[in-house]
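Step one of this worksheet: look at the structure below.
What follows is calculated from the coordinates using simple rules that are stated; it is not laboratory data. Keep in mind it's a predicted model, so treat the numbers as computed, not measured. Glycine gets a Cβ as well: all are built from the backbone with ideal geometry, and neighbour counts include every protein chain shown.
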Amino acid sequence: MLRRIERLFIEITLLADSATLVISFALAYWLRANLNFYGYVLPPFKHYVWVLSFILPTFIAWLTVFGLYRSDSLRQPLRLIGSIAKACLMGILTLLSLLYMTKNAFLSRFVVDTFALISVAALTFERLAMRALLNQRALQRRKRRRWEVLLVAEPHDAEAYLSLLRANPHWGVEVAAIVSPTQRVALGSVAAGGRGSERLIRRSVDWRQVLDNHVIDEVVTVSQWSSTGQLLDLQEACTERGLIFRMLVMMPRSRIGRYNVDDVGGGKYLISLETVPQDIGPLAMKRAMDVAGSLVGLLVCGIVYLWYARRLRRESPGPAFFKQERVGRNGRIFTVYKFRTMSLDAEQRLPQLLSRNEVNGLMFKMENDPRIVPCGRSLRRTHLDELPQFWNVLKGDMSIVGPRPPLAREVADYDCHHYRRLSMKPGLTGLFQINGHGAVEDFDGVVELDCAYIDNWSLRLDLELIFKTLLKVIRADGL
């Protein structure tokens, strides 16, 4: 039921947002047409309708990125308003970029600017109204006792379900009774936040009699108490009466990751503890960004090659490209490509420099590395030596954003907690590349940044890191 409720929430919200955006744009056009600035008469509205084909997908995509199509986004009004404002800001910037690329200069700037302001106010009003409506409907359902639940659990386990009801008041669920399978029955109305009256019954629980004595719409059990016999008996009693039977499974708490349940058929359910992102839609968008970005990156790489290869060969004869085996996702070995910025004997000279390593642990880093050729130093400052790695991104070995790909000799000395950084595709840039240079003094700090990226991954985070990387490239403040 919960997934169906969430799916219904998304569908209704999408329709409401689409209508709100269309009305906001029409209102912005109407204001400009009636104010008649500078004596300029706008073309008929039908000539502006095509702009909605840019507005709707752009704004809905950004609303999705900022998590505004999840029901829990309605819980905190201030955070909700902030997220809507940020999504609309990114939406209008994207819209202006698209309009610029299509060279539609005749479009009124007043209409676009007014639409930006109206859309923020309208979407905020829509979401707050939806929040108030859902809470009011849930309150009315509880008053009318429209959906009654029999909770079968020990008292210390019942709190797990009651806390869910408190966190999601829009479900409108009322707990009619809590039944302990160990012969203790708490009868009487029990609100989501209270215990109700309790009467002890020292006898074996007859599930059919308990169900006959209450007006019940569904039964929820906490599986921790249940033996197979008890569970089957209660399930059969619910089936006979056409009642919904649910089970709240109490899995061990995990410091990281989240659980997911898949119906694999035949009454079998696969419960997974997922410690890396698994949402198909956002991951598909991440891959699409990788492909598009790598095509642009390879074009820039070709231009830089024409300039750099000639200069490099003058300073250090040899190939312009450097290739090296790195460890990718979950231990996969792949060959990474870069512009060569060091002398040809760089690998042989490394053991002599290990004592001057500026990072404690399993990664070598040295700011004034004597192996770097002069033109390579300038290339590193602008991070342009990484451009050939866009080929790795296009092939799928890497992503634009992700943890730094380690060497096999580094991985060979990993401790157990280091391996988590290999659970996502490595990237050209990431939290370490943006925040780590000069601020991280040991390898554990690198791992901490990489794991923070994995635990908090979102398309929004990727876009922020790409933007910050472009700023670093422009400022040329690399190593």
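Taking H as built 1.01 Å from N, whose amide H comes closer than 5 Å to the amide H of Ser423, not counting residues under 5 places away?
Asn330
Would you work out if region 379-479 is rounded, prolate or oblate? Take a ≥ b ≥ c from the square roots of the eigenvalues of the alpha-carbon gyration tensor; rounded if a/c is under 1.5, else prolate when a/b is larger than b/c, oblate otherwise.
Judged from the Cα gyration tensor, region 379-479 comes out rounded (a/c under 1.5).
For the ranges 90-97, 383-390, what's the packing order if you count other beta-carbon atoms within 10 Å of each residue, average per peptide, and put the highest first?
Going from most to least packed, we get 383-390, 90-97.
Which whole-number percentage describes the relative contact order of region 2-142, with Cα contacts under 8 Å and a sequence gap of 6 or more?
Contact order relative to length: 36 percent.
Can you work out the Karplus-derived ³J(HN,Hα) for every residue in region 121-134? Use 6.51 cos²θ - 1.76 cosθ + 1.60 with θ = phi - 60°, whole Hz, and x for glycine or proline.
Listing the rounded values in order: 5, 5, 5, 5, 4, 4, 5, 5, 5, 5, 4, 5, 5, 5 Hz.
Relative to the present Cα-Cα distance, how much length would full extension add between Arg356 and Asp212 at 0.36 nm per residue of separation?
Contour length minus the Cα-Cα distance gives 44.0 nm.
Under 5 Å between amide hydrogens, which residues at least 5 positions from Arg404 or on another chain qualify, with H placed 1.01 Å from N in the peptide plane?
Gly427
What number comes out for the charge environment of Pro403, summing +1 per Lys or Arg and -1 per Asp or Glu over other residues with Cβ under 10 Å away?
Every neighbour counted, the sum reads +4.
What ranking, highest mean first, results for peptides 261-267, 396-402 when packing means the other Cβ atoms within 10 Å averaged over each residue?
396-402, 261-267
Sequence neighbours fewer than 8 away in the same chain don't count; with that in mind, list the aspartates and glutamates whose C-alpha is under 17 Å from Lys286.
Candidates past the 8-residue exclusion: Asp397, Asp455, Asp462, Glu464.
What shape does region 2-142 take by its C-alpha gyration tensor, where a ≥ b ≥ c are the square roots of the eigenvalues and a/c under 1.5 counts as rounded, a/b above b/c as prolate, and the rest as oblate?
Here region 2-142 falls in the prolate category.
Hey, can you grab everything whose amide H is under 5 Å from the amide H of Glu274? Only 5+ residues off in sequence or another chain; H modelled, so Pro and N-termini drop out.
Amide H neighbours of Glu274, under 5 Å, 5+ apart: Arg258, Tyr259, Asn260.
May I ask you to evaluate 6.51 cos²θ - 1.76 cosθ + 1.60, the Karplus curve with θ = phi - 60°, for each residue of region 63-80 and list the ³J(HN,Hα) values in order in whole Hz, giving x for glycine and proline?
4, 5, 4, 8, x, 8, 10, 10, 5, 6, 5, 8, 5, 10, x, 5, 5, 4
Using a basic spin-label model with each label point 7 Å from the Cα along Cα→Cβ, how many nm lie between Phe334 and Leu117?
Distance between label points: 4.8 nm.
Can you tally the net charge around Asp290? Count Lys and Arg as +1, Asp and Glu as -1, for every other residue whose Cβ sits under 13 Å from the Cβ of Asp290.
+2
Express in nm, to one decimal, how much length is gained between Leu56 and Arg166 on full extension, taking 0.36 nm for each residue of separation and deducting their alpha carbon distance.
36.2 nm
Would you please classify the overall shape of region 280-475 from the alpha carbon gyration tensor, given that a ≥ b ≥ c denote the square roots of the eigenvalues, rounded means a/c under 1.5, and beyond that prolate means a/b larger than b/c while oblate covers the rest?
Oblate shape, in that a/c is at least 1.5 and b/c is the bigger or equal ratio.
Taking 32 Å as the cut-off for C-alpha to C-alpha distance, list the pairs among Lys86/Lys338; Lys86/Lys323; Lys395/Lys472; Lys268/Lys395; Lys395/Lys468; Lys86/Lys268 that go past it.
Among Lys86/Lys338; Lys86/Lys323; Lys395/Lys472; Lys268/Lys395; Lys395/Lys468; Lys86/Lys268, the Cα-Cα distance tops 32 Å for Lys86/Lys338; Lys86/Lys323; Lys268/Lys395; Lys86/Lys268.
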